[in-house]
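Let me begin by presenting the structure, written as structure tokens, before commenting on it.
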Amino acid sequence: MRAGLALLAAFALGACGLSPMYAGGGSGPVARGLSEVSVAPIAGRAGWLVRNALNDRLAAANESNARYRLDVILDDELEGLGLLTDDTIGRERRTLRARYQLTDMTNGEILMDATAGSDAGIDVVSSEYATIAAEQTALENLARDVAERIVTQLALRLRQQDLSTQ
């Protein structure tokens with residue numbers, strides 16, 4: 001019974017037009033496209049964190065062989081939100097926004113111009129060290145999250161490009 005349902009589900013999924021994003025594994029068109037992306041240097045500590053996270057996810061082989069260039073501009077903001085009765089800040093919000101462009105270096109065409117972002121709430125406690133550590137941890141987490149969002153959008157764009165050339 002279960003095998004029959006699984007077989008029926010597989011046929012239904014195939015009939016709906018869905019196909020795996022990373023079809024072909026590491027040698028598939030999307031994985032190959034992602035490995036051909038060179039990430040330009042990004043200013044600041046947040047830029048360093050985002051660039052490293054992007055390079056980890058893209059698995060870029062060699063920048064000299066890159067077909068695409070990814071340019072990223074970051075906006076990192078830390079703002080106080082909650083005021084306590086003694087007029088001190090009790091809560092902060094850290095926001096990391098990225099504007100990025102994917103350029104095909106063979107012809108200079110901009111394939112993608114988009115934004116990604118994420119934010120986190122931080123409790124401000126009596127220990128200044130603990131608050132600074134929380135702010136830095138939030139930045140590290142936001143950098144990973146923004147990089148993941150960018151790579152997902154790049155993969156979708158490269159998949160769409162691959163489907164249009166078939």
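May I ask you to list the residues in the range 116-166 that are in a helix (DSSP H, G or I), of a type in the set (Gly, Ala, Ser) and surrounded by 14 or more Cβ atoms within 10 Å (Cβ to Cβ)? Passing the criteria: ALA134, ALA138, ALA143, ALA147, ALA155. Looking at this structure, is ALA59 among the small types (Gly, Ala, Ser) and under 18 Å from PRO41 (Cβ atoms)? So ALA59 fails the test. Residues of the range 76-116 that are touching a Lys or Arg at 6+ places or on another chain (Cβ under 9 Å), under 20 Å from ALA147 (Cβ atoms) and touching a residue at least 40 places away in the same chain (Cβ under 8 Å): ASP76, LEU78, ALA98, LEU102, LEU111, MET112.
Does the range 75-90 hold any residues that are assigned to a strand (DSSP E or B) and over 17 Å from GLU135 (Cα atoms), and which are they? Passing the criteria: only LEU83. Scanning for something within 17 Å of the chain's Cα centre (by Cα), at pLDDT 65 or above, of a type outside the set (Ser, Thr, Tyr) and under 20 Å from ALA134 (Cβ atoms), does the range 57-66 turn up at least one residue? There is no residue in the range 57-66 that is within 17 Å of the chain's Cα centre (by Cα), at pLDDT 65 or above, of a type outside the set (Ser, Thr, Tyr) and under 20 Å from ALA134 (Cβ atoms).
The values are calculated or read from the model by the stated rules, or taken from the named source; none is laboratory data. Note that the structure is predicted; figures quoted are calculated from it, not measured. Cβ: placed from backbone, ideal geometry, glycine included. Neighbour counts: every protein chain shown.
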